[in-house]
Each structure stands twice: as C-alpha cells, then as structure tokens.
Ligand SMILES: [Zn+2]
C-alpha cells in the first residue's frame with residue numbers, strides 16, 4: 001500500500017530523554033531525519049514537572065541542570081524550527097512509585113496524602129506491584145480535579161504546544177478508589193435515587209462500604225463518570241485558552257478492559273467530542289492481535305482521529321513495519337512508537353528508525369487535518 005500524503009508519525013519521549021539540552025537536540029534530529037512529524041514529550045511524570053510549573057515541583061531528575069533549563073520550552077522551540085509538532089504528555093492521576101518520599105514538600109504526595117487513592121481497606125500505596133503502578137490521586141475528589149486541571153491548563157497557557165496528551169487517565173484497576181471521600185460522594189448521589197427505607201437501612205450500617213456493596217454496577221459507573229468529567233473539563237478549558245490545541249489520550253486498547261476494569265470510557269469521549277485524537281496503547285507483539293486492538297478504536301472514532309500506538313520496545317523493526325502497513329489498511333490516521341529511547345538505544349543510534357524510514361516512511365508527510373477544530 002502506497003504511503004499517504006498525510007499521516008501522523010510520532011514517538012513518545014519518556015522523561016528520561018528530557019534531562020539535558022543535548023538529549024533534546026538528538027531526539028529532534030533523529031525524528032526529523034527519519035520523517036517523523038510529531039513527538040509526545042513526557043513533562044509530568046510522577047506529580048512533578050519537566051517545565052516551569054506554577055503548581056508542582058521541578059522534577060528531581062533535573063537537579064543537575066541549571067534552573068533556567070526548561071525541557072518543554074526547548075522541545076517546543078527547537079521542534080517547531082525543525083518542523084515537528086510537540087504534544088505535552090502528562091500523567092493524570094499516577095503520582096508516585098517509590099517507598100522513598102519525594103524531596104519537595106510541595107509534591108502532592110507530601111502535601112496532600114489525603115488525596116491519594118485508597119483500597120477497600122482504606123489503605124494507599126506508594127510503591128508499585130501487580131496491576132497497581134504506585135500512588136494515584138483520587139479521581140472523585142473535587143480538589144484533585146481542580147489541581148489536575150490547573151496543571152494541564154498551566155501548560156496550555158504558557159507553552160506553544162500543538163497538543164496535550166493524557167496518560168493514566170483512568171483507575172489502575174477495580175480495587176480503587178474506596179477512600180472516605182468517594183464513599184460519601186457516592187452515597188450522596190445514590191441517596192437521591194433510592195427509597196427512604198433503603199437509605200435508612202444503608203445509613204444505619206456500620207460498614208463504610210455499604211453503598212458500594214449494595215450498588216456495584218452504579219459504583220463502576222460513578223468511577224467512569226469521574227474520569228470522563230475531568231477529561232471534559234480539561235478539554236473545554238484547553239479549547240477556551242487555545243481553540244486550535246489538540247487534546248489526545250493514551251488509552252487502554254480494546255474497549256472492554258478500558259471500560260470495565262480501568263473505568264476509562266473512551267468510546268463516550270469520542271462520541272461526545274471531548275477528545276480529538278485517541279492513541280491506543282496497542283502494544284501487542286502479534287500483528288493479528290495488534291489489529292484487533294486498533295479495530296475497536298477505528299470503529300468508535302466517529303469523525304475524530306486515531307494514532308495507533310506501537311510497542312516498539314518489544315518488537316523488531318520488521319514487525320513494526322508490518323503493523324504500520326496493517327494499520328494503513330485499517331485506515332489509521334497515524335502511528336506512535338513507544339518509545340523514542342528504546343528505538344534509539346537511548347539516543348545513541350537510529351538504525352531501527354532508518355529501517356522504518358526505508359520501508360514505510362520514505363516521504364515526509366503532514367499531520368492529518370482536524371476540521372472540527374476551529
Ligand atoms: Zn477516592
């Protein structure tokens with residue numbers, strides 16, 4: 001299948017590749033040399049900032065750099081000069097992953113431990129394990145929503161980014177969140193819908209989980225609503241500041257897992273127009289499985305775009321090429337490799353990218369149009 005004239009071709013650039021000016025220069029050079037046209041740069045990793053934030057502490061990984069080094073600013077300025085679009089990638093609720101606390105007292109984990117997501121036993125974790133990557137903030141807490149919104153919109157206001165990119169815009173798994181705040185907010189919602197008798201019975205219960213046990217399906221939906229509400233608030237807030245900014249999200253591939261286990265209702269986001277570009281993290285090694293991952297998004301997208309993710313770090317360049325060809329047949333609007341660092345041996349060689357260029361990225365392309373963005 002011939003190359004399209006418009007196709008998005010990008011890479012996720014993990015925050016370890018934002019820690020020096022030299023790394024940024026190299027990433028931009030490798031991207032441009034190999035006919036990529038956008039980069040998704042991770043500027044909020046664990047409740048910290050690889051840019052000049054008004055709301056969160058500077059990332060500890062930047063300690064060796066001068067205080068005026070601003071990785072996002074440099075990516076935007078140098079990337080634009082080189083013809084790349086730059087999307088600011090922010091982890092939404094995922095905030096920490098170590099038993100050692102962050103150094104800054106201003107870090108959300110230190111300043112607001114009461115904002116962290118809790119289990120049915122009312123416990124939170126700082127370290128990762130199983131399906132829980134570490135500490136997340138509670139998605140139903142109005143103060144958390146306001147904070148996360150402030151963080152995203154701060155980037156939109158102060159940087160000339162082409163897009164923002166949500167990651168971890170979900171729950172880690174169904175074991176969260178059962179904090180007291182979630183329990184009381186869910187109770188308040190259900191009390192409007194249930195009979196006086198049922199309300200009296202549940203209110204009298206000594207079990208703090210009485211409502212979620214009585215209404216598990218409704219609690220799943222309550223959780224979905226929290227994520228969707230935040231996405232909608234940030235979408236509209238960002239467009240108000242910069243109407244042309246693109247709002248994108250890294251989502252769990254396959255709507256079933258996303259919807260039922262992560263409470264990430266991306267189908268609804270596309271349908272109601274609070275997402276411009278869906279970027280499924282389709283990291284399957286097997287190409288048939290990969291196609292299935294992407295098909296769901298293609299069906300649900302409506303008039304919006306899908307940039308298909310590729311698990312570059314665990315597949316050969318040949319497999320990557322096979323998937324790009326398959327994705328073109330499915331009508332994908334673009335591709336995004338996870339990740340730049342693994343594709344270039346940590347910024348030391350672009351042999352992998354050269355193979356892709358030679359096979360399927362021979363011509364430079366423009367990013368697809370987004371006619372609904374006025
Ligand atoms: Zn909670």
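For the reader, a short list of remarks on this structure follows.
- Any hit, the stretch 186-204, residues being under 30 Å from residue 279 (Cα atoms) and surrounded by 19 or more Cβ atoms within 10 Å (Cβ to Cβ): no
- Once the stretch 348-370 is narrowed to residues that are in a loop (DSSP other than H, G, I, E, B) and without any contact (Cβ under 8 Å) to a residue 60 or more places away in the chain, the residue that is surrounded by the most Cβ atoms within 10 Å (Cβ to Cβ) is 349.
- Restricting the stretch 54-76 to residues that are touching a residue at least 60 places away in the same chain (Cβ under 8 Å) and out of contact with any strand residue (DSSP E or B) (no Cβ under 9 Å at 6 or more places or on another chain), the residue that is nearest to residue 38 (Cα to Cα): 73
- Condition broken by residue 159, with the remaining ones in (1) within 19 Å of the chain's Cα centre (by Cα); (2) closer than 28 Å to residue 268 by Cβ; (3) touching a residue at least 24 places away in the same chain (Cβ under 8 Å) satisfied: (2)
- The combined condition, being within 16 Å of the ligand (Cβ to nearest atom), farther than 17 Å from residue 46 by Cβ, free of Cβ contacts under 8 Å to residues at least 12 places away in the same chain and more than 19 Å from the chain's Cα centre (by Cα), is fulfilled by residue 142.
- Strands (runs of 3 or more DSSP E) contained entirely in the stretch 16-118, each with at least 2 residues that are under 26 Å from residue 145 (Cβ atoms) and out of contact with any helix residue (DSSP H, G or I) (no Cβ under 8 Å at 6 or more places or on another chain): 85-91
- For the stretch 237-258, the set of residues classified as closer than 18 Å to residue 294 by Cα and either out of contact with any helix residue (DSSP H, G or I) (no Cβ under 9 Å at 6 or more places or on another chain) or buried (at least 18 other Cβ atoms within 10 Å of the Cβ) (or both) consists of 248, 249, 250, 251, 252, 253, 254, 255, 257, 258, listed by residue number.
- Residue 123 passes every criterion in (1) surrounded by fewer than 21 Cβ atoms within 10 Å (Cβ to Cβ); (2) under 20 Å from the mean Cα position of the chain (by Cα); (3) closer than 22 Å to residue 171 by Cβ apart from (2).
Quick note: the coordinates plus some simple rules give every number you see, no bench work behind them. Values in this document were obtained by computation on a predicted structure and should not be read as measured data. We place every Cβ from the backbone using ideal geometry, glycine too, and count neighbours over all the protein chains shown.
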